[in-house]
Amino acid sequence: MAAGRVLEELFARAPDRYEVTIFGAEPRVNYDRIMLSPVLAGEKAFEDIIVHDDAWYAKHNVTLRKGEPVLAIDRAKRMVRTQADAIHPYDELILATGSKPILIPVPGAELPGVVTFRDLDDVDAMLAAAARGGNAVVIGGGLLGLEAAAGLATKGMKTTVVHLMPTLMERQLDPSAAYLLQRAIEKRGIEILTSANTQAIIGNDKVEAVRLDDGRLLPADLVVMAVGIRPNTALAKDAGLEVKRGVVVDDLMRTSDDHIHAVGECVEHRGQCYGLVAPLYEMAKTLAAKLAGDDVAPYTGSVTSTKLKVTGVDLFSAGDFSEGDAKDDIVLRDPSRGVYKRVVLRDNRIVGAVLFGDTADGAWYFDLLKKAADIGKMHDTLIFGQAYQGGGAPLDPVAMVASLSDDAEICGCNGVCKGVITQAITARGLTSLDDVRAGTKASASCGQCTSKVEALLVSTLGGAYAAAGRKPMCKCTDLTHEEVRERILSKELKSQAAVWQELGWKTSCGCPSCRPALNYYLLCAWPFEYRDDAQSRFVNERVHANIQKDGTFSVVPRMWGGLTTPDELRAIADVADKFKIPTVKVTGGQRIDLLGVRKEDLPAVWAQLNAAGLVSGQAYAKGLRTVKTCVGSEWCRFGTQDSTGLGVKLERYLCGSWTPHKVKLAVSGCPRNCAEATVKDIGIVCVESGYDIHIGGAAGLHVKATELLCHVATEDEAIEYCAAVLQLYREQAGYLDRVYKWLEKTGLEKIRAAIVDDHEGRRALVARFETSQRAVRKDPWAERAAGRELHEFMPLASLNIIMPEAAE
Amino acid sequence: MNSMLTQHDFWFDVGSLQEIPVRGSRRVKTPRREIAIFRTASDEVFALENRCPHKGGPLSDGIVHGRKVACPLHNWIINLEDGEATGADKGCARSFPVKLENGRVYLDMSVAAAP
């Protein structure tokens, strides 16, 4: 392709300057390789994608030697030797050897039925396999892999894509676009497995299955390896030309030999290799001008854009999408149409764009990007596309909504027009957002139009409308924490990217305030499906220890219910000695804090504590911290019940699961309340007749006594009710709301109805709590002492340099 | 050109990009200081002295968002590009030349090891 393009440009400039011979490895004329996907999908025939037919070669006096690759270059004599053992002289030589597909070195990669996706032979092999039907596994969820998968699925194969990274096309797309892409591909019946690593290809004399490193076995009659390409440099290397990743060329496409030039995917120019078609055409232009003896505009590198050639999937990406300040990251989402648009700016210039679902403005953004045009004046309307430019200044939101006609659609999800909403407000006397949602369905689904509906309330009711204390979760959305939680369940949103897209997030990837909250909500809603995102967590929860003012950490093992043993105390003393831990302190939660542990020492400290049976006290967690107890009926002359024993049982049963904020419990053995149960999140006060369960206390920044939830007669009931309260809190509370805050917002009566009155509901809460506990039952310290996430603890590198004397 | 050549000799390979979590950070210990290498969502790398200008907090333990990191101690937001504190806070963590080549991260030790 690259060579053909050079010749076209050359013949246009200097038709008769050279006598041209082309040696090609493929047994056919020059065709448009990037159109192989439509050939596979059956949308085009090979004849449709031929660039130069035999007549063209004849017309331009070009000798095309098909299926005759060059094996060696004699640079001194300026001759090439071909596979047919022919020797051919040259004045100027152009290397356009392209690239080779990368084969992953797994066992079975050489089996029949394993193909790549590079040339027409590969496509023919795939079409032949597809004609027999069965299962296809495509390894690689990049551009080529997805195009191959779409083609095979069209041809009726049951197709699975295995992708190593967590999101598809991660080099060209951000997580939101990748989420939409995955959804669109899955809609075609293609299964997509992300974060999936191929371990082996199984089969005797032909491929039968693909095995992943997690043990999954995927049946396969055809395996397509599409994990990437590598410049084909063997010939250049053998000839002694300078080769790094690709054949090194200068701005005039000249290799380290003045008479040898290179273009296309085989070259490395200014440290870059390209695998797309646009750079190849730009290189061809430069080289042709040079060979023609014309004034040459040097090739200075290319800015590339990506489009996926899968029918019905509109996707465009260009440039770089690093997150910047909010004003430099403009996002427009339309959840009902599956549209996501994002333009990234730097210094008022476009540096990147990702479009999904509506790519009409891709070329326009790309043009502005390449020209580095100043878009300052268009900043506020840029995202709406080229057609919107040239209008007046943006209106204030209330005036803008007020100025819409009555039939303008406000809520895309439920198809509610402005007139319906304003009429409902005036005729039915609606005064709040919730009223409008209940009465018209507007803003009741994805919630993206919430601000418009609120603007309608303001413009219709004027001063009579007060926002009623609705507090959006963060600047990324108009929805409250509770509204987001409810939608995560009802819409079955199972990743952060799904939430961002389906709830119309205003930013591309959330912010430090909503990311930890969403991470928790998703974990709580889908304990086995959602993958915890460590980078959306505060350091303490990432490293399972508490950071101190000097950057060291504190380590607090569990002492169940505040009980310990001489052996445990000896183990703690030994650890403190061995790791020279400077401070050992008894905490307010009845356990021991080891302060001043170096981060690198954490895994070893834990290993030693684990060996003595001590596990993480989760003193860092938004989760169950401690269950404080008094000595109770076992020793105390006033004790009515075994408060210590109940405390131990509660702590063992309730610890582990993440919660919206930290949770502290206490059990007092009598109303003298030595364990201070009435200022805890959940407190139990034992009495002669059983157990009083209190909730919503606090003794920190706010001091608040608990409220009595109920009285139960038995220890088993006490445990069941506590678990149910904890789960209800987990499911309902906004992130970073302590139990008392949740109680304040929800009201004691509602909580009492759910826990005390609704027996089935309570048992269901406990069952869901136990499900969630199954996902976290391993001690996080033991996992990390065994080597998990070692990168959190060890430096990337330790460099010790012997300084030159002069520098001392 | 000459100075570039000299500098080139001090680019130290400190590890592969893959070893740094996306939106995360790893430390590099050098004789004079600890340096935090950050990796953003779009695989850019930045290097800052691993000390918040506020109270010396380890920036490598902070939450990375955009081209910024939130110090884990008191939530100062530090710009990764130049180490400057953002918003109302004033202060600067020293930044160091770092580059990414073929998936490897290089730190310029002629600067990182200098006083």
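Points worth noting:
- Candidates A:562, A:617 - the one that is modelled with pLDDT of 95 or more, within 19 Å of residue A:776 (Cβ to Cβ) and crowded, with 16+ Cβ neighbours inside 10 Å: A:617
Each row is one residue, and each column tells you yes or no for (1) within 30 Å of the chain's Cα centre (by Cα); (2) under 28 Å from residue A:355 (Cβ atoms).
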{"site": "A:239", "(1), (2)": "no, no"}
{"site": "A:243", "(1), (2)": "no, no"}
{"site": "A:248", "(1), (2)": "no, no"}
{"site": "A:257", "(1), (2)": "no, no"}
{"site": "A:264", "(1), (2)": "no, yes"}
{"site": "A:267", "(1), (2)": "no, no"}
{"site": "A:285", "(1), (2)": "no, yes"}
{"site": "A:307", "(1), (2)": "yes, yes"}
{"site": "A:318", "(1), (2)": "yes, yes"}
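- Candidates are the residues of the range B:12-39 that are more than 11 Å from the chain's Cα centre (by Cα) and among the hydroxyl-bearing types (Ser, Thr, Tyr); the one that is modelled with the lowest pLDDT is B:30.
- Filtering A:274, A:299 for residues that are assigned to a loop (DSSP other than H, G, I, E, B), crowded, with 21+ Cβ neighbours inside 10 Å, more than 14 Å from every other protein chain (Cβ to nearest Cβ) and over 35 Å from the mean Cα position of the chain (by Cα) leaves a single hit, A:299.
- Taken over the range A:548-599, residues that are over 40 Å from the mean Cα position of the chain (by Cα) and part of a strand (DSSP E or B) amount to 4.
- If you filter the range A:27-49 down to residues that are over 38 Å from the mean Cα position of the chain (by Cα) and surrounded by 14 or more Cβ atoms within 10 Å (Cβ to Cβ), you find that the one that is nearest to residue A:127 (Cα to Cα) is A:28.
- When the test is whether a residue is within 14 Å of chain B (Cβ to nearest Cβ), exposed (fewer than 14 other Cβ atoms within 10 Å of the Cβ), closer than 30 Å to residue A:607 by Cβ and not hydroxyl-bearing (Ser, Thr, Tyr), residue A:790 passes it.
- Total residues in the range A:254-284 satisfying the condition of being closer than 13 Å to residue A:302 by Cβ and either in contact (Cβ under 8 Å) with a residue 40 or more places away in the chain or of a type in the set (A, V, I, L, M, F, W, C) (or both): the figure is 13.
- Reported count of residues in the range B:21-58, each being more than 7 Å from chain A (Cβ to nearest Cβ), of a type outside the set (Lys, Arg) and assigned to a loop (DSSP other than H, G, I, E, B), is 6.
- Across the range A:144-177, the qualifying residues are those that are part of a strand (DSSP E or B) and in contact with a Gly (Cβ under 8 Å, 6 or more places away or on another chain), and the one among them that is surrounded by the fewest Cβ atoms within 10 Å (Cβ to Cβ) is A:158.
- Residue that is farthest from the chain's Cα centre (by Cα) [pool: residues in the range A:220-237 that are assigned to a loop (DSSP other than H, G, I, E, B) and not aliphatic (A, V, I, L, M)]: A:233
- Restricted to the range A:743-786, and to residues there that are β-branched (Val, Ile, Thr) and touching a residue at least 40 places away in the same chain (Cβ under 8 Å), the residue that is farthest from residue A:660 (Cα to Cα) is A:756.
- For the range B:40-60, taking the residues that are in contact with a helix residue (DSSP H, G or I) (Cβ under 9 Å, 6 or more places away or on another chain) and modelled with pLDDT under 95, the one that is surrounded by the fewest Cβ atoms within 10 Å (Cβ to Cβ) is identified as B:43.
- Considering the conditions (1) assigned to a helix (DSSP H, G or I); (2) within 20 Å of residue A:691 (Cα to Cα), residue A:626 is excluded by exactly one of them, (1).
- Test for residue B:90: is it at the interface with chain A (Cβ under 9 Å from one of its Cβ atoms) and not small (Gly, Ala, Ser): no
- Residue A:154 under 23 Å from residue A:44 (Cα atoms) and more than 14 Å from chain B (Cβ to nearest Cβ): yes
- The numbered conditions (1) part of a loop (DSSP other than H, G, I, E, B); (2) more than 8 Å from chain B (Cβ to nearest Cβ); (3) within 22 Å of residue A:487 (Cβ to Cβ) are all true for residue A:511 except (2).
- When the residues of the range A:725-783 are filtered to those that are of a type in the set (A, V, I, L, M) and over 25 Å from residue A:705 (Cα atoms), the one that is surrounded by the most Cβ atoms within 10 Å (Cβ to Cβ) is A:765.
- Residue list for the range A:489-500, filter: in a helix (DSSP H, G or I) and more than 21 Å from residue A:195 (Cα to Cα): A:489, A:490
- When residues of the range B:71-85 are limited to those that are assigned to a strand (DSSP E or B) and either β-branched (Val, Ile, Thr) or buried (at least 20 other Cβ atoms within 10 Å of the Cβ) (or both), the one nearest to the other protein chains (Cβ to nearest Cβ): B:77
- Every residue from the range B:65-100 that is at pLDDT 90 or above and either among the acidic types (Asp, Glu) or in contact with a Cys (Cβ under 6 Å, 6 or more places away or on another chain) (or both): B:71, B:76, B:81, B:82, B:83, B:84
- Of all residues in the range A:675-692, exactly one satisfies the criterion of being in a loop (DSSP other than H, G, I, E, B), under 14 Å from residue A:647 (Cα atoms) and of a type in the set (Gly, Ala, Ser), namely A:675.
- Every residue from the range A:350-366 that is outside any loop (DSSP other than H, G, I, E, B), modelled with pLDDT under 90 and touching a Lys or Arg at 6+ places or on another chain (Cβ under 9 Å): A:362
- When residues in the range A:545-585 are screened for being within 23 Å of residue A:631 (Cβ to Cβ) and out of contact with any helix residue (DSSP H, G or I) (no Cβ under 8 Å at 6 or more places or on another chain), 9 of them pass.
The values are calculated or read from the model by the stated rules, or taken from the named source; none is laboratory data. Every value quoted in this text rests on a predicted model; they were computed, and no experiment measured them. When we count neighbours, we look across all protein chains shown, and the Cβ atoms used for this are built from the backbone with ideal geometry, even at glycine.
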